[in-house]
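Undergrad: This is the structure I have questions about; it appears just below.
Every number here is computed from the coordinates shown, using simple stated rules; none is lab data. The structure presented is a predicted model; accordingly, all values stated were derived computationally and were not measured. Here the Cβ is made from the backbone with ideal geometry for all residues, glycine too, and neighbour counts use every protein chain on show.
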Amino acid sequence: MTRRLHFISGLPRSGSTLLAAILRQNPRFHAGMSSPVASLFDGIIAQVSAGSELSTMVSAEQRSDILKGLFHSYYGKHDQEVVFDTNRAWMAQLPALTQLFPDARLICTVRDVAWVLDSLERQYRGNAFENTKLFNSPAERATVYTRVDALASSNRLVGFAYQALREACWGEQAARLVMVDYDLLTAAPGEVMRLLYQFLGEPEFEHDFNTVEYDAPEFDTQLGLSGLHRVRRKVEPQTRPTILPPDLFERFANMSFWRDLKDSQAFRITPRQDAAAEFSNSGSDDSTGKGIGGSSSENISKD
């Protein structure tokens, strides 16, 4: 069976597990939470790169075949026609992925960074009797300020993902990428999924947004973050005040660069100013928007 492969990535706590849970309702699709494939992928490259005794023994063509074989082996037992592999690291591996899988697409879920950090802090406080693996030392987990600073560092959970996303958005393969806004996904899942199916070139499927299910209790427990990947059954917005101090929240509140993607070929499914969903790409000189499916409330436009 010829299997198509796509990738899910993006910011943490921005709906990647929710999106996978929705996609897996389609019997043609396999999707889930972060898989180990990205780590194995990186490990293989490290083993055959310059400085390794194996580097001269494995040609570029062989490396490509080995890496393709990794995906085929890991997903070989699945019967679905389309596989979505999830990992934040894929944003930084887009050049390699597009060489291996020219038809693959990368879906990146995004969310206001202040709310990403708020969500992680809420998870931390919800596991008050656990030293979660999110932090490396008592000094890092000491206060909300040290916790946020640690997570936002360039080589840590939020900081790495944010910088990798920026790299992907302005990279040569950006046209393979679509960003999906978390708030829009929860508020208008039907519209978002219709536009996403169009981006993927897949026939539409009628999802049930009242019976979405996903949970990974064993994985979350070993992280010390019970409920981290638990998805609520009904897809709907959850309005609440932030638990971050005001000064800390404001520090990260204006980092949503995807709302103004100047000179980027990346696509995005984000709210328009009139609150409708917009599927757009800003890297072309064509400023005439094209309607999708005859609807005027959502469109694909190129600024």
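Undergrad: Go through segment 132-154 and report how many residues are free of Cβ contacts under 8 Å to residues at least 40 places away in the same chain, surrounded by fewer than 19 Cβ atoms within 10 Å (Cβ to Cβ) and not in a loop (DSSP other than H, G, I, E, B).
TA: Of the residues in segment 132-154, 2 are free of Cβ contacts under 8 Å to residues at least 40 places away in the same chain, surrounded by fewer than 19 Cβ atoms within 10 Å (Cβ to Cβ) and not in a loop (DSSP other than H, G, I, E, B).
Undergrad: Between a residue in segment 25-38 that is under 21 Å from LEU67 (Cβ atoms) and any residue that is polar (S, T, N, Q) and surrounded by fewer than 19 Cβ atoms within 10 Å (Cβ to Cβ), which pairs come within a Cβ distance under 6 Å, given they are 6 or more apart or on different chains?
TA: Close Cβ pairs satisfying both conditions: HIS30/GLN80.
Undergrad: Additional query: Restricting the search to segment 57-101, which residues are surrounded by fewer than 15 Cβ atoms within 10 Å (Cβ to Cβ) and in a loop (DSSP other than H, G, I, E, B)?
TA: MET57, SER59, GLY76, LYS77, HIS78, ASP79
Undergrad: Note down all Cβ pairs under 8 Å where the first residue falls in segment 89-108 and is more than 19 Å from LEU196 (Cα to Cα), the second is surrounded by fewer than 17 Cβ atoms within 10 Å (Cβ to Cβ) and of a type in the set (Val, Ile, Thr), and they're at least six residues apart or on different chains.
TA: Pairs found: ALA96/ILE45.
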